[in-house]
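Remarks on the structure that follows.
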């Protein structure tokens, strides 16, 4: 695994080295997400809105190709995921 040492600036900023920006598609002006994990902080590049929409459209097409019909808008209005989780947990015990 490659590790590079970077300094934290006076405003808490760090510079992501070019080799990592290129490999993981982190571009100027783009947002990233930072997630705390046991080993430290995980920085994830986030897709642009156009790329995210494109991925969602591809996903929808794959689901349509599999002929899976999901719920329609409003079908899940009174469904609470917490209740579903509780039922699942009771079944496991």
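Every number here is computed from the coordinates shown, using simple stated rules; none is lab data. Worth saying up front: this structure is predicted, and the values here are computed from it rather than measured.
Laid out as a table, the results:
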{"quantity": "Full-stretch length increase - residue 3, residue 61 - with 0.36 nm per residue and alpha-carbon distance subtracted", "calculated": "17.0 nm"}
{"quantity": "Quotient of Cα Rg and 2.2 N^0.38 Å for region 30-70, N being how many residues it contains", "calculated": "1.69"}
